[in-house]
Amino acid sequence: MSNEENKTGLKKNTKIILGLLLLVLIAGGFYGLKLYKVYFAPNVTGNEKYLYIRTGYNIDDLYKEIKLKDMLTDIGSFSEASGKMQLARSLKPGRYKLAKGMNNRSIINMLKSGNQDPVKLKFQNLRQKENFAGYLSRNLEPDSLTFINLLDSASLLEKYGFNKDNSYVMFIPNTYEMYWNVTASEFFDRMHAEYDKFWNADRKQKAASLNLTPIQVSILASIVDAEALYDKEMPIIAGLYLNRLNKGILLQADPTVIFANNDFTVKRVTNSLLSIQSKYNTYKYAGLPPGPIMMPSINAIDAVLNRDNNNYIYMCAKEDFSGYHNFAVTVQEHERNAKKYRDALNQRNIFK
């Protein structure tokens, strides 16, 4: 074969090899682009959002949730990546934060590992157990009925040292972090642990010095909380009610009557309301009611434990509607204060 023919053959071979290399590069590029799209391309729509995977969810439920909430730009690539990474075998319930820029691989690894974002629960001044159960169900996985059933479960409450009437005092208002898919029972265990932590030796000693149990302190604190618009009045009001308790005088606390009548729109407690037959009517029954009339705040509990040493027996809202109170030692002084307040109510046509 001549040199010319060798050169021609070499050129042909070179073209073939270059062609094959180009095809390999193109195929590799397409494959790389495919890998990027399936695993590494940003796939969260908009800014950060939360994906809730309920207990018992399967992979199809997950896809439905993502589609319903429009959480991903490309659900198809997520589905493909989920299959290849076997997400269905390791899907864990929880509340997961999908941040802007996250790709399928990072999302799937997060769901498989159960690396969820905790919920911050912040509750206080919730009036009734039903309000509390509703708040919890809006922020945790269990529904409100589940929480209500536990709040009314005699056997469970007995384990913690409470009953149906006073169980509400176990929940110390504060901010708590926990996982969204915590069970109702686990939530109760956590709250009881927080209750035990709150009632340390110092607080227990102060309660004992008042001849009250921690539960009784919290019940009284709920009344103080309902009476006081301003925290600085709480120790004074607490001192007044402790004076009445120690002297065997009916508490005659209007908020307990409002609670007994289950009408929280009342602005003026009238004789018709006072006639209700209820252990929460402190105009009829001596001592503390059987349970709290609202979730007592920490400030109110500590106000009882550190009550003002005064001689007050009576209190009445100030006639200027400032939210403050006039306090009195004698009934005569109280009657003058009460008349000023009644006159102010009448002038404003507030009769109930």
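Evaluating S137 against the criteria (1) assigned to a helix (DSSP H, G or I); (2) surrounded by fewer than 17 Cβ atoms within 10 Å (Cβ to Cβ); (3) of a type outside the set (A, V, I, L, M, F, W, C) leaves one unmet condition, (2).
Considering only region 46-62, state which residues are under 21 Å from D117 (Cβ atoms) and not hydrophobic (A, V, I, L, M, F, W, C). Once the filter is applied, which keeps residues that are under 21 Å from D117 (Cβ atoms) and not hydrophobic (A, V, I, L, M, F, W, C), region 46-62 yields G46, N47, E48, K49, Y50, Y52, R54, T55, G56, Y57, D61. Considering region 145-166, the residues that are touching a Leu at 6+ places or on another chain (Cβ under 7 Å) and assigned to a helix (DSSP H, G or I) include one that is least open to solvent (accessible area, probe 1.4 Å), namely F147.
Is it the case that N125 is at pLDDT 95 or above, open to solvent by 30 Å² or more (accessible area, probe 1.4 Å) and part of a loop (DSSP other than H, G, I, E, B)? It is false that N125 is at pLDDT 95 or above, open to solvent by 30 Å² or more (accessible area, probe 1.4 Å) and part of a loop (DSSP other than H, G, I, E, B).
Residues in region 68-88 that are at negative phi and open to solvent by 80 Å² or more (accessible area, probe 1.4 Å): L68, K69, T73, K84. Only one of (1) in contact (Cβ under 8 Å) with a residue 12 or more places away in the chain; (2) assigned to a loop (DSSP other than H, G, I, E, B) is not met by A303, so which one is it? Result: A303 fails condition (2) only.
If a residue has to be of a type outside the set (S, T, Y), part of a loop (DSSP other than H, G, I, E, B) and touching a helix residue (DSSP H, G or I) at 6+ places or on another chain (Cβ under 7 Å) to count, how many in region 251-282 make the cut? Please lay out each step first, then the result.
From region 251-282, those of a type outside the set (S, T, Y) are 251-255, 257-264, 266-269, 271, 273-274, 276-277, 279, 281; that's our starting set.
In the following step, the residues that additionally are part of a loop (DSSP other than H, G, I, E, B) were identified as 251-253, 262-264, 266-269, 276-277, 279, 281.
Imposing the further condition that a residue be touching a helix residue (DSSP H, G or I) at 6+ places or on another chain (Cβ under 7 Å) reduces the set to 251, 253, 264, 266, 268-269, 276, 281.
Final tally of qualifying residues: 8.
Please verify whether E65 is closer than 21 Å to L140 by Cβ and surrounded by 15 or more Cβ atoms within 10 Å (Cβ to Cβ), treating the condition exactly as stated. I'd like the intermediate steps shown before the answer.
Working: closer than 21 Å to L140 by Cβ: yes; surrounded by 15 or more Cβ atoms within 10 Å (Cβ to Cβ): yes.
So E65 fits the description; yes.
Does R127 fit the bill of being out of contact with any His (no Cβ under 7 Å at 6 or more places or on another chain), of a type in the set (K, R), within 30 Å of E80 (Cα to Cα) and touching a residue at least 40 places away in the same chain (Cβ under 8 Å)? Spelling it out, it is not the case that R127 is out of contact with any His (no Cβ under 7 Å at 6 or more places or on another chain), of a type in the set (K, R), within 30 Å of E80 (Cα to Cα) and touching a residue at least 40 places away in the same chain (Cβ under 8 Å). In the set A303, A317, only one residue is touching a Pro at 6+ places or on another chain (Cβ under 8 Å) and either under 24 Å from K247 (Cβ atoms) or surrounded by fewer than 15 Cβ atoms within 10 Å (Cβ to Cβ) (or both); that residue is A303.
The values are calculated or read from the model by the stated rules, or taken from the named source; none is laboratory data. Bear in mind the structure is a predicted one, so any value in this text is a computation, not a measurement. Because the Cβ atoms are built from the backbone with ideal geometry, glycine has one as well, and the counts that use them run over all protein chains shown. The area values use the complete protein model at the heavy-atom level, side chains included, leaving out ligands, DNA and RNA. Shrake-Rupley method; radii C 1.70, N 1.55, O 1.52, S 1.80 Å.
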